[in-house]
Amino acid sequence: MAFGTGHHETTSLIIGELLEADLQGKSLLDMGCGTAILAILARMRGAAPCTAIDIDEWCVRNSLENIKLNGVDSISVF
């Protein structure tokens with residue numbers, strides 16, 4: 001369950017990159033999104049549109065819930 005929490009090394013590294021990147025006017029694909037934590041952060045930093053994709057229905061449901069809880073828009077989940 002480390003993926004999607006921000007605690008996994010790869011997720012943590014990408015979070016660091018997203019925090020430093022200029023995302024205004026750029027689109028983002030969060031492939032294997034888990035909980036859509038990266039898509040949510042990218043959207044908060046100005047990326048749009050953002051797409052979050054996962055093959056696990058649990059991940060899709062959790063992504064939709066997390067997007068709603070974080071009050072962001074322009075994120076499509078598949």
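The values are calculated or read from the model by the stated rules, or taken from the named source; none is laboratory data. For clarity, every value in this text was computed on a predicted model and none was experimentally measured. Methodologically, a virtual Cβ is constructed for each residue, glycine included, from the backbone with ideal geometry; neighbour enumeration extends over all protein chains shown. These accessible areas exclude ligands, DNA and RNA; they are computed on the full protein's heavy atoms, side chains included. Shrake-Rupley method; radii C 1.70, N 1.55, O 1.52, S 1.80 Å.
As a summary of the residue check, I14 satisfies the conditions (1) assigned to a helix (DSSP H, G or I); (2) open to solvent by 30 Å² or more (accessible area, probe 1.4 Å); (3) at pLDDT 95 or above; (4) not small (G, A, S) except for the one numbered (3).
Return the residues of the range 6-43 that are under 14 Å from D54 (Cα atoms) and out of contact with any strand residue (DSSP E or B) (no Cβ under 6 Å at 6 or more places or on another chain); say none if nothing qualifies.
From the range 6-43, those under 14 Å from D54 (Cα atoms) are 29-39; that's our starting set.
Matches in the range 6-43: G32, G34, T35, I37.
Out of curiosity, is L64 part of a helix (DSSP H, G or I), open to solvent by 40 Å² or more (accessible area, probe 1.4 Å) and modelled with pLDDT of 95 or more? Yes: the conditions hold for L64. Just the residues that are open to solvent by less than 20 Å² (accessible area, probe 1.4 Å), at negative phi and modelled with pLDDT of 95 or more, please, taken from the range 24-38. Correct list: D30 only.
L41 passes all but one of (1) within 11 Å of the chain's Cα centre (by Cα); (2) open to solvent by 70 Å² or more (accessible area, probe 1.4 Å); which number fails? In the conditions (1) within 11 Å of the chain's Cα centre (by Cα); (2) open to solvent by 70 Å² or more (accessible area, probe 1.4 Å), L41 misses (2) alone.
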